[in-house]
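See structure below.
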Amino acid sequence: MSATTVPATWNKARQQPGRLARLFDYKPFLVFACLLPALGLLGVFLTYPLGLGIWLAFTDTTIGRRGVWIGFENFEYLFTDPIFWNAVFYSVFYTGVATLGKFALGLWLALLLNNHLPLKSLLRAIILLPWIVPTVLSAIAFWWIYDPQFSIISYLAVDVLGVRTTNFDFLGSAWPARWSLIAANIWRGIPFVAISLLAGLQTISPSLYEAALLDGSTPWQRFRYITFPMLMPILAIVMTFSIIFTFTDFQLVYAITRGGPVNSTHLLATLAFQRGIPGGQLGEGAAIAVSMIPFLIFATLFSYFGLARRKWQQGEGND
Amino acid sequence: MADVSIRQARKSYGSTKVLHGVDVSIGDGEFVVLVGPSGCGKSTLLRMIAGLENITEGEIAIGGKVVNTVPPKDRDIAMVFQNYALYPHMTVRENMAFSMMLAKAPADVIEAEVQRAAKILGLDVLLDRYPRQLSGGQRQRVAMGRAIVRDPQVFLFDEPLSNLDAKLRVQMRSEIKELHQRLKVTTVYVTHDQIEAMTMADQIVVMNGGRIEQSGAPLDLYDTPANLFVAGFIGSPAMNLLSGRVRDGAFHADGGAVMPLPPGAPPTATTYGIRPEHLRLDDAGIAASIIVVEPTGSETQVSLNIGETHLLGAFRERVMGRHGDTLMISPDLDLVHLFGPDGRRL
């Protein structure tokens with residue numbers, strides 16, 4: 001069948017969009033325009049300082065003197081520097097022990113708070129306190145707690161309980177100082193771990209525990225076979241963050257001991273600062289900071305593999 | 001296998017009473033369905049049998065042994081949860097083997113038991129999958145498989161079909177019933193769906209507001225509901241319940257309909273009950289005006305008004321008619337239910 005009548009045609013010319021409108025319709029431009037603010041912020045505040053730091057590590061810059069490229073000289077020097085190796089050792093030790101402590105206590109606290117307790121929300125709020133207080137403030141509090149003369153712990157042990165005759169020497173010698181700082185870091189880090197793990201615990205359906213109860217499990221078996229594997233994904237995330245934050249810690253150590261006594265409590269971050277700013281050796285300080293990068297990459301890889309979505313979380317086929 | 005007897009079971013949360021003294025006796029190998037609207041306490045009762053809720057008062061005995069203080073794992077029961085409660089991080093095999101693994105059974109015994117249960121339920125090919133990779137019906141089956149592996153004395157089902165679509169629900173319904181006939185394990189099944197209750201149960205326990213309204217065989221409940229609640233709850237479409245009173249040998253409903261009474265009907269009746277399927281077309285009957293006609297193929301449901309009295313009829317015949325047309329109907333007098341002012345059957 002063919003049309004015998006010609007329908008009236010619509011003659012109005014289609015309005016052409018303006019230049020600007022066409023520009024914004026052009027997808028590559030739009031992508032670029034949308035990314036620009038984020039790229040700008042990242043470039044100015046992340047890439048530039050990081051790049052500058054890495055560049056400085058390969059120069060002999062000091063404060064007030066523009067340096068020249070010296071290749072790996074800073075690193076070669078650091079490799080022979082026992083104080084640097086001491087800082088590497090303490091950074092790893094500090095991170096390892098503090099992470100272990102934070103997770104053991106944080107998980108325990110999370111499990112406790114996951115029960116039905118009176119005043120549960122109030123308790124949760126109180127738990128968060130160490131995390132809310134600025135680090136420097138809590139560091140000063142610990143400084144007092146660890147004070148050789150006015151320490152409250154010494155007061156309790158010597159004057160109240162009478163179990164000791166002399167005050168504790170918390171910060172005066174290497175190992176007590178190291179353990180004291182780790183204790184302060186654990187105290188500060190617990191809330192983050194506990195609250196994150198508590199959030200993870202609350203996503204586990206109570207009926208799983210009921211099913212396990214009927215299946216004849218003991219409380220330990222319920223933890224071992226239900227809670228722990230189901231908490232694993234969030235545990236891995238929180239642990240990665242915790243390791244990174246602990247390894248790069250600065251405030252607590254610098255406010256309490258400044259790396260002393262005799263450099264025994266220097267972390268890489270505090271040593272880098274000490275050499276770079278008060279010491280004026282910007283290049284050497286930067287080199288110390290750059291030497292943290294391999295450790296942090298390792299921690300990130302740990303998260304990458306540890307976090308790799310487990311098979312049971314995926315919906316796809318079994319192959 | 002064992003019988004279950006519940007004697008004067010009460011449950012309260014603080015001052016809120018959920019169950020007010022419930023007595024149920026469940027014979028060995030029987031399939032009992034607890035049915036009632038949501039909040040009637042049926043799930044609480046089931047959880048009390050399982051040991052997931054403690055018993056405030058009264059006692060529950062499984063196989064003649066009072067279990068009030070026996071922990072859940074020692075009650076020798078298995079439960080299928082509404083959301084299946086499959087362990088998401090374990091394969092089907094591990095899910096089914098979990099209880100035996102905890103009991104430290106030897107590996108070959110576990111494998112044999114899992115295979116046996118998998119075969120019964122047709123899960124053989126799914127054993128290495130994770131719950132995420134299964135459909136709703138398959139998950140349901142795994143949940144049952146987990147229960148079967150335990151070889152318990154009593155199966156408990158807590159609304160197991162409510163997460164499935166309508167078609168699958170009908171299919172799983174008959175699968176569960178078939179399973180029960182095969183395994184002959186005492187089963188307590190909770191549902192709010194009276195059709196599930198009617199089709200599956202040996203004995204139905206109708207609960208409402210923490211009390212038992214009536215218990216008995218499905219058809220007994222259908223034929224002789226003990227009170228208005230059961231009359232309205234059992235049967236689909238629901239029974240027509242007309243309030244009014246008896247005068248001059250007939251029932252005068254509030255809306256104006258005058259319904260014939262069976263001979264010897266008690267004059268104290270205040271509610272007249274007639275199931276939609278017990279109304280028939282009768283040229284000598286009562287004139288009713290059609291509101292809506294709903295043909296389902298096998299029968300035709302017609303919404304009717306007699307005066308201001310609303311009635312629903314279900315007829316085998318294909319009723320043709322439009323809104324406002326007149327239909328002559330009459331109730332089957334043998335199947336009229338009369339209830340007194342206290343709501344009890346007369």
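For the reader, a short list of remarks on this structure follows.
- The protection proxy used here, the mean number of other Cβ atoms lying within 10 Å of each residue, ranks peptides A:245-254, B:128-137, B:259-268 as follows, highest first: A:245-254, B:128-137, B:259-268.
- Cα shape, region A:92-267, gyration tensor, a/c 1.5 rule: prolate
- FRET efficiency, A:Ile277 to A:Ser173 (Cβ-Cβ, R0 35 Å, nearest 0.05): 0.85
- For the protein assembly as shown, the percent of C-alpha pairs falling in each 10 Å distance bin, counted from 0 to the bin holding the largest distance, reads 3, 11, 14, 14, 13, 13, 12, 9, 6, 4, 1, 0.
- Near B:Pro262, once Lys and Arg are set to +1 and Asp and Glu to -1 for all other residues with Cβ below 11 Å from its Cβ, the sum equals -2.
- With a Förster radius of 60 Å applied to the C-beta separation of B:Ala103 and A:Asp81, the computed FRET efficiency comes to 0.50.
- Summing charges over all other residues whose Cβ lies under 15 Å from the Cβ of B:Gly209, with Lys and Arg as +1 and Asp and Glu as -1, gives +4.
- Gain on full stretching of the segment that runs from A:Trp69 to A:Ile54 - 0.36 nm per residue minus C-alpha separation: 4.2 nm
- Counting only alpha carbon atoms, the long axis of helix A:82-113 and the longest principal axis of chain A meet at about 70°.
- List of region B:149-164 residues, accessible area with partners at least 10 Å² below that of the chain alone (1.4 Å probe): B:Arg150
- Accessible surface of chain A [probe 1.4 Å, protein heavy atoms]: carbon and sulfur percent: 71
- Comparing A:Leu137, A:Leu109, A:Leu117 in a Gaussian network model of chain A, where Cα atoms under 10 Å apart are tied by springs, the biggest mean-square fluctuation is seen for A:Leu117.
- Surface composition of region B:4-230: carbon and sulfur make up 48 percent of the accessible area, probe 1.4 Å.
- When the Cα gyration tensor is reduced to axis lengths a ≥ b ≥ c, the ratio a/c is 1.5 or higher for chain A, and with a/b not above b/c it is classed as oblate.
- Legend: residues A:Ile288, A:Ile145, sorted from most to least accessible area (1.4 Å probe; ligands, DNA and RNA excluded), read A:Ile145, A:Ile288.
- Look at the alpha carbon pairs under 8 Å that are at least 6 residues apart: their mean separation over the length of region A:92-267 gives a relative contact order of 34 percent.
- For A:Thr203, the accessible surface of its heavy atoms amounts to roughly 110 Å² (probe 1.4 Å, protein chains only, rounded to the nearest 10).
- Between A:Phe24, A:Phe142, A:Phe89, the Gaussian network model of chain A with springs among Cα atoms under 10 angstrom shows the greatest mean-square fluctuation at A:Phe24.
- Each DSSP beta bridge with both residues in chain B is either parallel or antiparallel, and the antiparallel ones are about 75%.
- Comparing each chain alone with all protein chains together (probe 1.4 Å, DNA, RNA and ligands left out), the residues of region B:80-94 losing at least 40 Å² of accessible area are B:Phe81, B:Tyr87, B:Pro88, B:His89.
- Counting protein heavy atoms only, region B:237-339 has 51 percent of its accessible area on carbon and sulfur, 1.4 angstrom probe.
- Intensity falloff of region B:222-319 expressed as log10 I(q)/I(0), Debye formula with alpha-carbon point scatterers, at q = 0.11, 0.16, 0.24 Å⁻¹: -0.33, -0.71, -1.42
- The DSSP beta bridges internal to the protein assembly as shown are antiparallel in roughly 75% of cases.
- Averaged per residue, chain A has 60 square angstrom of accessible surface, using a 1.4 angstrom probe with ligands and nucleic acids left out.
- On the basis of the beta-carbon distance and an R0 of 41 Å, B:Ser174 and A:Ile126 show a calculated FRET efficiency of 0.15.
- Interface size, chains A and B: roughly 2200 Å² of accessible area buried, both sides included, 1.4 Å probe, rounded to the nearest 100.
- Take B:Asp325: with every protein chain present and a 1.4 Å probe, its accessible area is about 60 Å².
- A loss of 40 Å² or more of accessible area (1.4 Å probe, protein heavy atoms, ligands and nucleic acids excluded) relative to the isolated chain is seen in these residues of region B:15-64: B:Leu52.
- Solvent exposure of region B:111-224 amounts to 40 Å² per residue of accessible area, where only protein heavy atoms count and the probe is 1.4 Å.
- Local net charge near A:Ser196, Cβ-Cβ under 15 Å (Lys/Arg +1, Asp/Glu -1): +3
- In this rough spin-label picture, where each label sits 7 Å from Cα along the Cβ direction, the B:Leu281-B:Tyr13 distance is 5.2 nm.
- Length-normalised contact order of region B:237-339 in % [C-alpha pairs under 8 Å, at least 6 apart]: 32
- Between helix B:107-121 and chain B: long-axis angle, C-alpha atoms, 0 to 90°, nearest 10: 20
- Of the residues A:His116, B:His192, the one with the largest accessible area comes first in the ranking A:His116, B:His192, computed with a 1.4 Å probe on protein heavy atoms.
- Probe 1.4 Å - accessible area at B:Arg245, Å² to nearest ten: 140
- For B:Met207, the amide hydrogen comes within under 5 Å of the amide hydrogens of B:Val35, B:Gly36, B:Glu213, counting only partners 5 or more places away or on other chains and with H modelled in the peptide plane.
- Region A:146-195: C-alpha gyration tensor shape, a/c 1.5 cut-off, then a/b vs b/c: oblate
- Value of relative contact order over region A:114-196, rounded to a whole percent, pairs C-alpha under 8 Å and six or more apart: 32
- Paramagnetic label zone (point 7 Å from Cα along Cα-to-C-beta, A:Phe89; backbone N under 15 Å) in region A:249-280: A:261-268
- Along its first, second and third principal axes, ordered by size, chain B spans 77, 44, 32 Å in Cα coordinates.
- Comparing A:Ala33, A:Ala211, A:Ala139 in a Gaussian network model of chain A, where Cα atoms under 10 Å apart are tied by springs, the biggest mean-square fluctuation is seen for A:Ala33.
- Each label was represented as a point 7 Å from its Cα along the Cα-to-Cβ direction; for B:Asn83 and B:Thr199 these points are 2.6 nm apart.
- For peptide B:129-137, the mean count of partner chain Cβ atoms within 10 Å of a residue's Cβ comes to 3.
- Model label sites at A:Ile293 and A:Phe228, defined 7 Å from Cα along the beta-carbon direction, differ in position by 3.8 nm.
The values are calculated or read from the model by the stated rules, or taken from the named source; none is laboratory data. Note that the coordinates shown come from a computational prediction; the quantities given were computed from them, not determined experimentally. In this analysis, Cβ positions are derived from the backbone assuming ideal geometry, glycine residues included, and neighbour counts consider all displayed protein chains. With ligands, DNA and RNA removed, areas are computed over all heavy atoms of the protein, side chains included. Shrake-Rupley method; radii C 1.70, N 1.55, O 1.52, S 1.80 Å.
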